[in-house]
Amino acid sequence: MSHEFEDKDRVETVRLTMPSGEKAGGNFFQQVGGSPAFEKLAAAFYEGVATDDVLRPMYPEDDLGPAARRLQLFLEQYWGGPSTYQEERGHPRLRMRHAAFKINPLARERWLLHMRAALESLELAPQKEAEFWAYLDRAATAMLNTFED
Ligand code: HEM
């Protein structure tokens, strides 16, 4: 009797991968709900930014709608959705694009605070939420460009 190749393992393999090589459940972008989810995330995030005394003054435009859209499209592209961001804005080069703003630990903390609330509003499966959060936390750290007040 061999336990090397149990049937349940085989079934699992078949379920996870389509003949095309695509994951059966879709990529991360699709798994968390596609564009509507990313639109909701960006809108909720900017609702927080609108009330924030550290972040709000950094945004030159009165209307935060266009900024919300840029963030939405970037995140969609990052997680495997359409590459509209790249088509409209070119290569992300996010650190360079943020160089004009003073991103100290307080700004990072505020950014993450609003992102946390926005992410929770999506009510994702805990593992998806954790994966998304780990990325945002890391990306926000990468954006730090000063330790001055
Ligand atoms: C850590 C604190 C951060 C602060 C204070 C900050 C602030 C800003 C500001 C003031 C803008 C300009 C608004 C606009 O015109 O779009 C901007 C743009 C943007 N930010 Fe951030 N940001 C932070 C972190 C991040 C992170 C972690 C990401 C990605 C995960 C991100 C993604 C973007 C994108 C995609 C844009 C639009 C870039 C473009 O196409 O011009 N930001 N951010």
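The values are calculated or read from the model by the stated rules, or taken from the named source; none is laboratory data. Note that the structure is predicted; figures quoted are calculated from it, not measured. Using ideal geometry, Cβ is built from the backbone for each residue, glycine included, and neighbour counts are taken over all protein chains shown.
Of the helices (runs of 4 or more DSSP H) lying entirely inside region 32-116, the ones with 1 or more residues being more than 8 Å from the ligand (Cβ to nearest atom), in contact (Cβ under 8 Å) with a residue 12 or more places away in the chain and aliphatic (A, V, I, L, M) are found at 34-50, 65-78. Among the residues of region 117-135, those that are in contact (Cβ under 8 Å) with a residue 12 or more places away in the chain and hydrophobic (A, V, I, L, M, F, W, C) comprise ALA117, ALA118, LEU119, LEU122, LEU124, PHE132, TRP133. In region 134-149, what residues are assigned to a helix (DSSP H, G or I) and either of a type in the set (A, V, I, L, M) or more than 14 Å from the ligand (Cβ to nearest atom) (or both)? ALA134, LEU136, ALA139, ALA140, ALA142, listed by residue number.
Against the conditions (1) at pLDDT below 95; (2) crowded, with 16+ Cβ neighbours inside 10 Å; (3) of a type outside the set (Asp, Glu), GLY25 satisfies every one except (2). Summed over region 117-133, residues that are closer than 13 Å to LYS40 by Cα and assigned to a helix (DSSP H, G or I) total 5. If you check GLU88, GLU120 for being exposed (fewer than 15 other Cβ atoms within 10 Å of the Cβ) and closer than 22 Å to ARG56 by Cα, only one passes: GLU120.
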